[in-house]
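The values are calculated or read from the model by the stated rules, or taken from the named source; none is laboratory data. Just so it is clear, the structure is predicted and the values come from calculations on it, not from any experiment. Here the Cβ is made from the backbone with ideal geometry for all residues, glycine too, and neighbour counts use every protein chain on show.
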């Protein structure tokens with residue numbers, strides 16, 4: 001598996017564009033460790049996956065909504081879909097307490113600086129789910145007041161398609177985020193090892209499911225319930 | 001004064017009372033009433049000289065059966081018009097739509113403006129809600145209103161260049177450089193959004209205290225979306241507040257100018273995004289009026305049924321969040337369970353949950369599926385007991401009552417002055433529901449009541465919506481019991497898309513089908529307007545066709561816009577928790593404010 005390495009930069013130039021962090025594609029850092037020393041390599045692998053296991057099952061979402069998608073996101077939070085099954089029901093009203101932010105809705109030109117501010121207020125480790133067509137790409141709103149995709153300025157981890165996506169799709173997006181967190185390599189402490197953040201480049205769902213999806217030729221008729 | 005009858009179908013609204021009104025006005029103002037335009041709007045449309053505008057407005061407001069409400073105010077950029085039937089020459093037209101609740105009638109005034117002289121006297125002194133509408137016209141068209149207290153941009157960011165609804169302003173984001181945000185740009189934008197009390201005529205302190213300015217939003221759990229309100233506080237007491245909107249402006253009106261009549265339907269769903277097909281209704285009604293389509297009985301009844309179902313799901317969302325804003329955590333879990341049940345029916349019938357875009361010009365997307373009545377009946381049987389439970393557990397709960405009784409109360413006169421409609425108006429005891437007063441889509445055939453409140457406070461607004469859900473359940477039950485048979489699409493050349501069976505018979509019908517689906521229907525040049533009692537109040541679509549496949553101007557009047565504008569007056573002297581209770585009780589979504 002290949003990884004994306006992100007390193008924080010202390011000195012930020014005025015004209016620098018968001019997203020700020022430098023990113024590069026690298027090989028799995030853990031493999032190198034293992035080759036260097038069997039014992040410390042194994043230890044770090046165990047520690048890493050334990051920490052990641054803890055992180056991915058206690059994701060606290062930031063209570064942040066922009067438009068229609070937020071209603072479906074709320075549906076996922078309530079009883080019929082029950083997001084608590086995935087350990088992500090502790091909604092935080094402050095970005096400082098939240099682990100991930102769902103851009104649920106259209107990203108407006110007037111709102112973009114505000115979203116950036118809120119993202120900056122979240123503490124590492126933090127993730128972003130882009131929910132719905134507007135946040136993914138602008139969707140059906142190719143219009144003067146809408147930013148054509150929130151990834152124009154935020155680093156997005158998972159894209160959830162739909163207009164709006166059903167709550168089930170959002171939950172699947174959350175699970176994909178969890179899968180990717182399990183594969184992450186983050187510094188275990190500020191004195192242990194490399195201080196970069198290594199994010200696994202997860203396989204695209206479209207490519208993975210394409211074969212199976214095009215097999216479907218018999219679709220249910222809409223003429224009866 | 002002359003009346004033109006260029007379009008034979010256009011009925012000048014010179015019937016009885018309206019006629020005498022126009023006559024009285026023309027007696028009084030003579031040559032300053034330039035012209036009466038014949039349209040399909042169903043109301044007299046009068047062109048007024050700019051100099052006489054305020055006086056005419058004043059007269060209409062003071063007349064017996066007064067026009068108490070400024071229902072809508074916006075403009076049209078006329079510079080690219082090809083089929084303007086009526087003089088006077090105008091580069092821009094500003095229109096004022098007035099509503100008389102006591103007389104149950106409307107009138108529209110239009111003022112022609114020249115490109116070199118884009119200014120008008122402000123009507124904010126006469127109608128208080130003109131304030132925001134005029135700011136919107138300034139923002140979108142660059143027309144100045146003299147005497148306006150704070151003519152700032154309202155929807156676009158303060159750093160924006162240009163006026164988006166002008167025809168020479170770009171429509172697409174992709175016509176432009178891709179959006180980038182730099183560290184410096186971020187700082188500048190944030191600085192521009194910083195609140196300046198002096199600009200709003202607010203003092204930073206009085207002789208006793210220094211006021212605190214609290215920024216609530218644009219992201220706040222109780223703000224129901226991207227809404228910002230700046231509070232001037234003396235301790236917990238709100239001295240004044242300034243709502244700031246525009247964080248949810250999706251340019252729906254500009255979008256209407258580039259989508260075909262048919263392909264704009266999905267955009268209407270996303271105006272009041274919890275209202276679903278309820279939003280399609282005023283739009284397709286207005287288009288059908290332009291096209292002259294008479295819809296079948298079955299299509300009308302199905303429309304009513306689905307619209308009422310969405311009224312229930314919207315009110316359920318309201319109820320859950322309203323109570324959550326008051327501090328009750330669990331109701332939202334219950335109401336969302338009910339919503340899920342509603343969505344199961346909606347999905348089975350329309351194939352989509354929130355934005356079905358299911359109504360079509362001339363009918364529906366498809367007929368009801370087999371077995372719909374069983375599903376719908378299950379939902380109708382499920383609801384009454386739940387509604388009773390909400391009432392028992394929450395509305396009879398002393399905590400809820402203490403938090404909401406006599407909070408943010410206003411009377412009917414105040415509501416009308418601010419353009420408040422829908423349940424918020426009826427909570428003041430004013431019996432004005434378009435479904436009864438001007439039945440559309442066959443509402444006259446249904447047996448239902450219009451629930452009314454007494455005090456116009458946050459409690460009544462909540463209680464009334466529970467009652468409204470009961471009435472909607474009643475209407476749906478009648479739809480199940482008496483669903484008429486017949487076609488789900490009207491037999492009319494402009495029905496879009498045309499019935500498929502017909503396309504396979506003849507090369508001509510095949511071509512017609514192809515053109516209508518690819519380019520969209522061509523509607524005759526005219527103007528039409530349709531208003532419906534939507535989930536949050538009166539939603540109106542005012543369409544101007546220039547004889548093309550697209551709308552020349554789509555004006556969307558949404559109920560939530562004036563509801564938010566009214567807030568400062570209600571909140572002065574209140575406490576912060578009252579503001580939260582009031583925010584919960586208005587029932588707004590930001591897309592319905594900013595469009």
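What the table shows:
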read-out	value
Flag if residue A:113 is within 11 Å of chain B (Cβ to nearest Cβ), free of Cβ contacts under 8 Å to residues at least 24 places away in the same chain and crowded, with 21+ Cβ neighbours inside 10 Å	yes
Search result, residues across region B:325-338 that are assigned to a helix (DSSP H, G or I) and more than 7 Å from chain A (Cβ to nearest Cβ)	B:325, B:331, B:334, B:335, B:338
Any chance residue B:189 is part of a helix (DSSP H, G or I) and crowded, with 18+ Cβ neighbours inside 10 Å	yes
Long-range neighbours under 7 Å by Cβ, at least six apart or interchain, first residue more than 7 Å from every other protein chain (Cβ to nearest Cβ) within region A:57-69, second surrounded by fewer than 20 Cβ atoms within 10 Å (Cβ to Cβ) and part of a loop (DSSP other than H, G, I, E, B)	A:57/A:87; A:58/A:87; A:59/A:87; A:60/A:90; A:61/A:91
Count - residues of region B:265-321 that are within 15 Å of the chain's Cα centre (by Cα), more than 14 Å from chain A (Cβ to nearest Cβ) and not in a helix (DSSP H, G or I)	0
Failed item, numbered, when residue A:91 is tested on (1) within 10 Å of another protein chain (Cβ to nearest Cβ); (2) buried (at least 23 other Cβ atoms within 10 Å of the Cβ)	(2)
Any hit, region A:191-199, residues being part of a loop (DSSP other than H, G, I, E, B), closer than 29 Å to residue A:113 by Cβ and modelled with pLDDT of 90 or more	no
Test: residue in region B:197-217 that is crowded, with 17+ Cβ neighbours inside 10 Å and within 11 Å of chain A (Cβ to nearest Cβ)	yes
Flag for residue B:123 being under 22 Å from residue B:251 (Cα atoms) and buried (at least 20 other Cβ atoms within 10 Å of the Cβ)	no
Residue ranges of helices (runs of 4 or more DSSP H) in region B:399-497 with at least 2 members over 26 Å from the mean Cα position of the chain (by Cα)	B:458-481
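Residues checked against (1) in contact (Cβ under 8 Å) with a residue 40 or more places away in the chain; (2) within 14 Å of chain A (Cβ to nearest Cβ); (3) under 26 Å from the mean Cα position of the chain (by Cα):
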| site | (1), (2), (3) |
| --- | --- |
| B:106 | yes, no, yes |
| B:157 | yes, yes, yes |
| B:180 | no, yes, no |
| B:184 | no, yes, no |
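Residue by residue, here is whether (1) touching a helix residue (DSSP H, G or I) at 6+ places or on another chain (Cβ under 9 Å); (2) surrounded by 20 or more Cβ atoms within 10 Å (Cβ to Cβ); (3) within 11 Å of chain B (Cβ to nearest Cβ) holds:
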position: A:97; (1), (2), (3): no, no, no
position: A:100; (1), (2), (3): yes, yes, no
position: A:109; (1), (2), (3): yes, yes, yes
position: A:117; (1), (2), (3): yes, no, yes
position: A:125; (1), (2), (3): yes, no, no
position: A:129; (1), (2), (3): yes, yes, no
position: A:144; (1), (2), (3): yes, yes, yes
position: A:148; (1), (2), (3): yes, yes, yes
position: A:152; (1), (2), (3): yes, no, yes
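Conditions (1) modelled with pLDDT of 90 or more; (2) within 14 Å of chain A (Cβ to nearest Cβ); (3) assigned to a loop (DSSP other than H, G, I, E, B), marked per residue:
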| position | (1), (2), (3) |
| --- | --- |
| B:343 | yes, yes, no |
| B:352 | yes, yes, yes |
| B:357 | yes, yes, yes |
| B:368 | yes, yes, yes |
| B:376 | yes, yes, no |
| B:385 | yes, no, no |
